[in-house]
Amino acid sequence: MKVLIVGGGGREHAIATCVKKSPKVEKLYCVPGNAGIAQIAECAPIGVMEFDKVVAFAKEKEVDLVIVGPDDPLVGGLADEIEKAGIRVFGPKKNAAILEGSKAFSKDLMKKYSIPTAAYETFDDPKEAIRYLEESDTYPVVLKADGLALGKGVLICNTKEEALAGVKEIMEDKKFGSAGNRMVIEEFMTGREVSVLSFVDGKTIKIMSSAQDHKRAKDNNEGLNTGGMGTFSPSPFYTEDVDAFCKKYIYQATVDAMKAEGREFKGIIFFGLMLTEKGPRVLEYNARFGDPEAQVVLPRLKNDIVEVMESCIDGTLDQIDLQFEDKAAVCVVLASDGYPVSYKKGFEIQGLEKFDGKEDYFCFHAGTAFNEQGNIVTNGGRVLGVTAKADTLLEARKKAYEATEWVQFENKYMRHDIGKALEQ
């Protein structure tokens with residue numbers, strides 16, 4: 001088979017690494033890719049939103065399967081365009097990707113089908129939102145831009161003043177662009193956050209391993225929200241009881257709800273869960289692999305990922321025995337100092353060769369490129385995801401942090417407390 005992966009981040013490098021292992025795959029392409037992906041796939045400088053060019057490239061290379069990584073092209077309908085061209089595609093169609101594309105849609109879906117989530121209200125008019133907040137005496141509250149905002153369109157407001165300023169930021173100043181045309185105001189939930197990835201074929205859902213992301217830029221969960229500074233898997237807080245509850249009230253219920261709405265979902269559903277005192281609640285849905293969750297879940301997948309993806313397309317996922325190694329993994333993101341606000345790029349990266357041939361260590365490229373001399377340089381806010389596997393989470397954490405020292409570049413920045421909760 002010839003396989004094309006759409007995307008150019010750490011998630012896509014993790015997917016590419018997994019796909020490359022499949023005996024079914026003879027040729028791997030990626031658009032636009034990055035310097036790490038280029039070592040295992042043929043890359044072409046086509047943007048993920050250049051749908052016509054992506055389709056033309058897939059036709060020209062006679063690709064058998066396209067895997068769409070990021071949220072923007074899925075929500076925009078890339079899977080529909082690829083399918084129209086007669087090419088098999090892994091990833092939800094536009095009418096199903098709305099599960100991530102609109103917070104208001106997903107909240108309304110959960111309310112309609114009694115899927116446990118936080119209480120909420122939706123607003124199209126900033127004046128209405130302000131009136132609602134003026135009359136409310138329950139704080140903190142959570143403000144969410146309705147559309148896609150690179151994982152950053154969520155504000156936790158501790159006071160009425162903060163909340164009113166947040167409405168201005170999202171709906172009037174349009175800090176998150178058109179994503180803020182509508183807004184959800186949600187009750188603030190407390191508890192541990194857990195992410196659970198799943199494969200879905202429209203009717204059957206198979207759960208992957210749990211993971212826990214660290215969104216804030218700085219240690220002790222301080223600093224601004226980022227796309228994720230590190231993660232570990234499995235989460236020790238995702239117990240058998242939690243799993244049983246979610247299987248009964250959340251996972252299958254979501255797949256069935258989408259089908260009932262005429263929006264059959266085929267691909268990946270990422271469940272962002274909050275483990276509250278009253279039980280698990282859905283924080284959010286994503287319609288694709290998490291980033292950096294993919295970097296700790298996929299290295300432990302025992303199955304041939306291409307076979308699993310094809311079963312999702314064909315509606316035969318019920319015949320797959322999905323299995324993961326009984327190991328733990330920790331990923332620490334090496335970022336450019338200043339991320340997520342402003343940072344310099346173009347710095348040469350040293351030491352990448354130290355990962356060659358090491359079984360339980362991975363260095364997934366997120367923001368890298370080649371300079372004119374052909375050397376690998378930094379090309380983004382999140383640069384690399386250093387992942388290590390071990391028998392226990394504590395051991396994996398120790399190995400991952402040791403491996404972060406193998407790689408050097410100017411303005412290298414990371415959190416030092418990824419998975420620190422595991423020690424308590």
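The values are calculated or read from the model by the stated rules, or taken from the named source; none is laboratory data. As the structure is a prediction and not an experimental result, all values here were calculated from the model. Note that each Cβ is placed from the backbone with ideal geometry, even for glycine, and that neighbours are counted across all protein chains shown. With ligands, DNA and RNA removed, areas are computed over all heavy atoms of the protein, side chains included. Shrake-Rupley method; radii C 1.70, N 1.55, O 1.52, S 1.80 Å.
Overview of values
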read-out	value
Charge-dipole axis of segment 307-355 as Lys and Arg at +1 and Asp and Glu at -1 on Cβ define it, positive-most pick from L317, A329, S342	S342
Heavy-atom accessible area order for T159, T190, T378, T276, largest first, 1.4 Å probe	T190, T159, T276, T378
With DNA, RNA and ligands ignored, accessible area of D243 (1.4 Å probe; Å², nearest 10)	30 Å²
Lysines whose Cα lies under 19 Å from that of K127, excluding same-chain neighbours fewer than 8 positions away	K144, K160, K168, K174, K175
Helical contribution to [θ] at 222 nm, DSSP H n ≥ 4, -39,500 (n - 2.57), averaged over the chain, rounded to 500	-7500 deg cm²/dmol
Choice from N34, N303, N220 with maximal GNM fluctuation in the chain (Cα, 10 Å cutoff)	N220
Student exercise, the chain dipole from Lys, Arg, Asp, Glu Cβ charges, in Debye to nearest 20	220 debye
Centre separation in Å (Cα based) which lies between segment 341-390 and segment 260-315	26 Å
Mean Cα-pair separation over length for the chain, i.e. relative contact order, pairs under 8 Å, 6 or more apart, %	16 percent
Candidates Q350, Q39, Q373, ranked by Gaussian network fluctuation over the chain, Cα under 10 Å, top entry	Q373
Shape category assigned to the chain from the gyration tensor of Cα positions, a/c cut at 1.5	rounded
Relative contact order (%) - segment 262-303, alpha-carbon pairs under 8 angstrom, separation at least six	33 percent
Inter-centroid distance (Cα atoms) of segment 48-85 relative to segment 226-242, Å	31 Å
Violating pairs (Cα-Cα greater than 24 angstrom) within the set K24/K53; K94/K327; K20/K302	K24/K53; K94/K327
Accessible carbon and sulfur surface of the chain relative to its total accessible area, %, 1.4 Å	46 percent
Average accessible surface area per residue within the chain, 1.4 Å rolling probe, Å²	42 Å²
Relative contact order of segment 316-424, defined on C-alpha pairs under 8 angstrom at six or more residues apart (%)	37 percent
